[in-house]
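Presented below is the structure to which this report refers.
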Amino acid sequence: MPLWVFFLLILTLGSGSHCSPPPLPLRTPRYADAIFTNSYRKVLGQLSARKLLQDIMSRQQGERNQEQGAKVRLSRQVDSVWAGQKQMALDSILVALLQQHRNSQG
């Protein structure tokens, strides 16, 4: 009978330490790591989306600047042509006035 009691005592002591679920603190680091990893992935996703949006906006701004630059160049060309025409008109008026002045004196 003492052997049977000894066996029962070992079984109860052994089963209590081996069959119990792991304590909660052993799972906490994994849970904390998962929270960190998910948050980190979310932040990386937001940064990636922000960078993509900035790239798209800068491309659009570059296209607008090119269009405005083309308009400015065209405007300068038109202004140059207009100035040339105005100069020719003034020259022709000046020549006509000089001829009239010479004809009236001569």
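The values are calculated or read from the model by the stated rules, or taken from the named source; none is laboratory data. Predicted model only: the values in this text are computed from it and were never measured. Don't worry about glycine lacking a Cβ; one is built from the backbone with ideal geometry, like all the others, and counts go over all protein chains shown. Quick note on the areas: whole protein, heavy atoms, side chains included, nothing else; ligands and nucleic acids left out. Shrake-Rupley method; radii C 1.70, N 1.55, O 1.52, S 1.80 Å.
To the nearest 10, the accessible area of Ile10 is 90 Å² with a 1.4 Å probe.
Solvent-accessible surface of protein heavy atoms, probed at 1.4 angstrom with all chains present, puts Tyr31, Tyr40 in the order Tyr31, Tyr40, largest first. A straight Cα-to-Cα reach below 16 Å connects Lys42 with the aspartates and glutamates Asp33, residues fewer than 8 places away in its own chain not being considered.
Each of Ile35 and Ile93 was given a label point 7 Å from its Cα along the Cα-to-Cβ line. The distance between the two points is 8.3 nm. For region 29-82, a simple Cβ point-charge model (Lys and Arg +1, Asp and Glu -1, everything else neutral) yields a dipole of about 140 debye relative to the Cα centre.
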